Number of protein chains: 2
Amino acid sequence: MTKFAIGLDFGTESGRALVVNVATGEVVGSAAHRYADGVIDAHLPGAATKLEPDTALQNPNDYIETLKHAIPEALQQGGIRADDVIGIGVDFTACTILPTRADGTSLCLLNEFRSNPHAWVKLWKHHAAQPEADRINALARERNEPWLAVYGGIVSSEWYHSKTLEILNDAPEIFDAADKIVEAGDWIVWQMTGALKRNTCAAGYKGLWIKGAGFPSNDFLGALDPRLDRLNETKLAGEIVAPGTRVGLLTERAAQWMNLKPGIAAAAATIDAHAAVPGAGVTEPGRMVLILGTSTCHMILDRAQHLVPGISGVVADGILPGLFGYEAGQVGVGDIFEWFIEHNLAALYNHRAKERGISAYQLLEEEAAQLKPGESGLLALDWWNGCRTPLVDANLSGVILGMTLSTRAPEVYRALIEATAFGTQIIVETFEQNGVKVDELVACGGLAERNKLLLQIYADVTGREFVEAGSGHTSALGAAMLGAYAAGRAAGGFDSLTDAASRMFPAQRVAYKPNTQNHATYQKLFAEYRQLHAYFGRGANDVMKRLREIRRQV
Amino acid sequence: MTKFAIGLDFGTESGRALVVNVATGEVVGSAAHRYADGVIDAHLPGAATKLEPDTALQNPNDYIETLKHAIPEALQQGGIRADDVIGIGVDFTACTILPTRADGTSLCLLNEFRSNPHAWVKLWKHHAAQPEADRINALARERNEPWLAVYGGIVSSEWYHSKTLEILNDAPEIFDAADKIVEAGDWIVWQMTGALKRNTCAAGYKGLWIKGAGFPSNDFLGALDPRLDRLNETKLAGEIVAPGTRVGLLTERAAQWMNLKPGIAAAAATIDAHAAVPGAGVTEPGRMVLILGTSTCHMILDRAQHLVPGISGVVADGILPGLFGYEAGQVGVGDIFEWFIEHNLAALYNHRAKERGISAYQLLEEEAAQLKPGESGLLALDWWNGCRTPLVDANLSGVILGMTLSTRAPEVYRALIEATAFGTQIIVETFEQNGVKVDELVACGGLAERNKLLLQIYADVTGREFVEAGSGHTSALGAAMLGAYAAGRAAGGFDSLTDAASRMFPAQRVAYKPNTQNHATYQKLFAEYRQLHAYFGRGANDVMKRLREIRRQV
């Protein structure tokens, strides 16, 4: 009897449901639901008051509506009967959190709090908590908190404690009224099952939770603000379980929303990016998953914990149970290419692309692909958005070097792709120098699907095979694997995520193998990149920071 | 009785005659003649054989035709009688040379040599003599020739000895048939007067002639090639006189060509760029003349000879009699802006410019002028074409640093202008550190007329007044001053070039004064520029050269 698992992928603008055959990985249904209120950054729904800058909120009802629409539609699309669905897995943006009552009711849905922005879901890209992040970083450094090094030495304004402290500072009445402050991924599973468990992935990467040590101590929290000193026992309390762990079974109410049967297993959630690791068929050390988009997220598994400078975090059981999950990042990749094409591409290329009925991207990719490595004489540093791993420095900036009067757009475009490849190679080296082996790269994300030249350049630069993950919805597929694992073998699922991934991952499409000659040239170019990376990034010449300082002064 | 002098400006594509009132400097007539054969770089006139790459020749008849057309037309335009013209001065591109018979007949006009490219005028931008220049440089370094330092340590493929050696190597029959090999500027004066004299300007800047020491020794020339060992006494013989010195009087034949009276004084020629110094009213030390175009030529006078690194040359009496004339240069200025606008400007700017009925240049200038110094956070090195003064290194290349996703075209455009201003400031400092004072800048050339933002930025960067020279034809006006000086006071002219310039230079139009606050910011930015200039230009990191080497290899 064929069984199916559902993967739910909650993104920034919409949610998607994937119905997947657990025996073959075949996607038999796929449907998206666009959030009615989307990203709330101008004013609250139904209100006129303008929100503060850097605010980014969501309406939790939109998540429930996704359950109600996307799942029935995906089931119908595949002609799948509710009886044949054995489990549900969820991946979610993070850190995306909301304050709730003890029963899970979101405060923003209560009349008394509806008009307070802090009662709403704070989306991952809500950036108003920077002062709170600064305070946390200063205090952690001052107290020499042991967890700081695990997070590359810096806590982001996007993370749990920054956002929670912001609620406390700006809306103490909301803080007081909140029995829980939870990740939206955990909240939606709570809504499905009636049980609140917190997933190690979001807790670990965004909540400063470390296996064995737990969350930051009451002592630290009390020093941050006396009113936080029992956070761990109250608003942040709850069992911590690895993604895919069965949290509970679908309640009658939730089953009705989704046209499913109650009693189906629901898995502990995971972060959307991290779901892509099993979703890309990766369940073992040595294979680095790159989610290539406007920025790039690098994830890799290892059996041991190593301290790697400038990574976003290393979390035990954070991606897959039994392994340490490492996350690193490049903060500017696809958005640099977009900047180039939107603001620096001469009209003649747009004309040529239009004449041929292709996009400017396609034209540039075609022409850049004609060039050999080193042929342009250009070298760039990919710091348009600063540098995350390994330098953790937002004040660095982009460089292009080697221009002559003969320099043309396809050369610059290729140099920018190469710069991001060198940035990845720096990350690969940083991992390897600190004990985490990287044998192969696995590509997913929109950029990987669109830009084949990029994949070949990354293979040539790193000297490693770059495998394109097969699915168009890697994260949602990973979430479905979590659902199949939560269901367990007895119900027709799997007893391990490794088994789920090995059965449910489709045959890989394309492996980009490094070209020996290109790799040799890129090694020379990378030596130049590394030297400039160190010169401008490690204090020999802080010109980029001084330019920012001059800019602030004028 | 009002008297007039004629200035003849022989450019690359055409020649121009200016008729100037010697008492007021008023231009009463101006006419150009386009060379029929222009720049000969594909095949010889009337022949089908394709010329070698880097060849750039001219037809000397085009110069005679300029006399025949431009002067009568300019005279007619002003309603000037031949009787009232007292002198003629000439400026010419250089090094532009031709082989002739002893009577001045150009070899290319003789049937037996007509089909040989080496019998024709080699235009300044004929670049086929690079192997010869390499050989001259190697030998001069090997022999430690004292003159090499005067030319910044390097002899150009454009110069007299490189081109002459090329004739010898590639067409020994032409070399043998040539009684003289002369600068076209000296040749045209020879055609007018029947007398051959060589001007110190072309001899000094392009012919390695040094006052007191003369041309490179027979010993050196003989070592270069035994057949050159009597070059100085034969093909290069002739009295050397300062520009403006009377060479002779118009012959009957020449007067007929021009609708003038025989017996009028003709001045020794000068190089076109150098004519702009008196043409801009500059006859004293301390005022640096910048001819701003695709590249920039910097000229300054001083009472003493100093060795300044990386200049194009220092020549006694080279620009004005009695003073040392210094020439320095930036090899990429206007052409960098053109590159930017042609190959890097997004379509949206072209649309906006079109909508407003202005050029993309104007739009960018307008928007860049809104920015404060330092506001863009950008810094560039203006080495798209290499660096002439002070590094004399064609293998350097351009850099833009400080880019973010918010960087926009007007910011980059302004950063490029600023980079060329910093490049000029480096030259100013190089002069001052080596004993040549620079109090003020004087602007001429096409870019100075078109780009007012550039003039203000240069004033703000250098902290010096930047005066725009009044005339649209600065070099031709300077040539007319030479003519008035050659005529002498008795004939209604002047007994010194200083007198000529002070009477014939029109009231200056605009002085751009440095803004104190902008200068303070630019001093900070210039400190950053200087550090990068040294880092990439003086051997700390030769990445630009290695990138070129890698490029050559692939």
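The values are calculated or read from the model by the stated rules, or taken from the named source; none is laboratory data. Please read these numbers as outputs of a predicted model, since none were measured by experiment. Here the Cβ is made from the backbone with ideal geometry for all residues, glycine too, and neighbour counts use every protein chain on show. For accessibility, only protein heavy atoms count, side chains too; no ligands or nucleic acids. Shrake-Rupley method; radii C 1.70, N 1.55, O 1.52, S 1.80 Å.
Pairs spanning more than 30 Å between alpha-carbon atoms, out of B:206/B:513; B:452/B:545; A:372/B:545; A:524/B:206: B:206/B:513; B:452/B:545; A:524/B:206.
Ligands, DNA and RNA excluded, the heavy atoms of residue A:405 present near 40 Å² of accessible surface to a 1.4 Å solvent probe.
Inter-chain Cβ neighbour count for A:344-355, averaged per residue, equals 4 (cutoff 10 Å, partner chain atoms only). Within straight-line reach of residue A:235, meaning a Cα separation under 19 Å, sit the following aspartates and glutamates at least 8 residues removed in sequence or on another chain: A:103, A:132, A:158, A:166, A:170, A:173, A:176, A:179, A:183, A:186, A:219, A:225. Rounded to the nearest 0.05, what FRET efficiency is calculated for residue A:24 and residue A:211 with R0 set to 41 Å and r the Cβ-Cβ distance? Once the sixth-power term is evaluated, E becomes 0.75. Seen from residue B:406, the other residues with C-beta closer than 15 Å to its C-beta sum to a net charge of -1, counting Lys and Arg as +1 and Asp and Glu as -1. Of the beta bridges in the range B:1-123, as assigned by DSSP with both residues counted there, near 75 percent are antiparallel.
The antiparallel fraction among DSSP beta bridges confined to the protein assembly as shown stands at about 70%. Taking the helices alone, chain B has a mean residue ellipticity at 222 nm of -12000 deg cm²/dmol, built from -39,500 (n - 2.57) per DSSP H run of at least 4 residues and averaged over all its residues. For the range B:90-187, a simple Cβ point-charge model (Lys and Arg +1, Asp and Glu -1, everything else neutral) yields a dipole of about 160 debye relative to the Cα centre. Accessible surface buried by the A/B pair amounts to about 4500 Å², both sides summed, 1.4 Å probe. The alpha-carbon atoms of the range B:373-484 define a convex hull whose volume equals 136 cubic angstrom per residue. Its relative contact order, with pairs defined as Cα atoms under 8 Å and 6+ residues apart, puts chain A at 16 percent. Each peptide among B:461-472, A:98-109 gets the average number of other Cβ atoms lying within 10 Å of its residues, and from highest to lowest they stand as B:461-472, A:98-109.
Within 10 Å of the Cβ of each residue in B:377-389, the mean number of Cβ atoms contributed by other protein chains is 3. Averaging the sequence gap over all C-alpha pairs within less than 8 Å and six or more residues apart, then dividing by the number of residues, gives the range A:391-472 a relative contact order of 30 percent. Does the range B:138-195 come out rounded, prolate or oblate, given a ≥ b ≥ c as the square roots of the eigenvalues of its C-alpha gyration tensor, rounded meaning a/c under 1.5 and, failing that, prolate meaning a/b above b/c? Here the range B:138-195 falls in the oblate category. Heavy atoms of the protein chains alone define the surface here; on that basis the protein assembly as shown has 35 Å² accessible area per residue at 1.4 Å probe size. When only Cα pairs below 8 angstrom with a gap of at least 6 residues are kept, the range B:27-74 shows a relative contact order of 51 percent. Computed over all pairs of different Cα atoms, the Kirkwood value for the hydrodynamic radius of the range B:498-554 is 15.9 Å. For the protein assembly as shown, the calculated P(r) over all alpha carbon pairs, in 20 Å bins from 0 to the bin holding the longest distance, is 12, 33, 27, 16, 12, 1 percent.
Restricting the calculation to Cα atoms, the range A:357-398 shows an Rg/Rh of 1.16 when the hydrodynamic-style radius is the Kirkwood one. Considered as an equivalent ellipsoid built on the Cα gyration tensor, the range B:155-280 has semi-axes of 28, 17, 12 Å, the largest given first.
What shape does the range A:61-185 have by the C-alpha gyration tensor, where a ≥ b ≥ c are the square roots of the eigenvalues, rounded means a/c under 1.5, and otherwise prolate means a/b greater than b/c and oblate the rest? Oblate shape, in that a/c is at least 1.5 and b/c is the bigger or equal ratio. P(r) tail, the range A:438-554: Cα-Cα pairs separated by more than 16 Å, 72% of all pairs.
In this view, the solvent-accessible surface of residue A:411, computed with a 1.4 Å probe and all protein chains in place, comes to about 20 Å².
Note on chain A: with neighbouring protein chains present and a 1.4 Å probe, carbon and sulfur make up 47 percent of its accessible heavy-atom surface. In straight Cα distance, which lysines are under 24 Å from residue B:50, not counting same-chain residues fewer than 8 positions off? Within reach: B:122, B:125, B:163. Evaluated with a Cβ-only charge set (Lys, Arg +1; Asp, Glu -1), the protein assembly as shown carries a dipole of roughly 20 debye about its Cα centre, given to the nearest 20. If you take the square roots of the eigenvalues of the alpha-carbon gyration tensor of the range B:291-345 and sort them as a ≥ b ≥ c, do you get rounded (a/c under 1.5), prolate (a/b over b/c) or oblate? It comes out prolate by the Cα gyration axes. The orientation-averaged projection of the convex hull spanning the C-alpha atoms of the range A:1-113 amounts to 8.6 square nanometres. Placing +1 on the Cβ of every Lys and Arg and -1 on the Cβ of every Asp and Glu, with nothing else charged, gives the range A:333-421 a dipole about its Cα centre of roughly 160 debye. Computed over the alpha-carbon atoms, the range A:65-136 gives an Rg to Rh ratio of 1.13, Rh here being the Kirkwood radius from the mean inverse distance.
Computed with the Debye formula from one identical point scatterer per Cα of chain A, without solvent, the log10 of I(q)/I(0) at q = 0.08, 0.10, 0.13 Å⁻¹ comes to -0.53, -0.84, -1.37.
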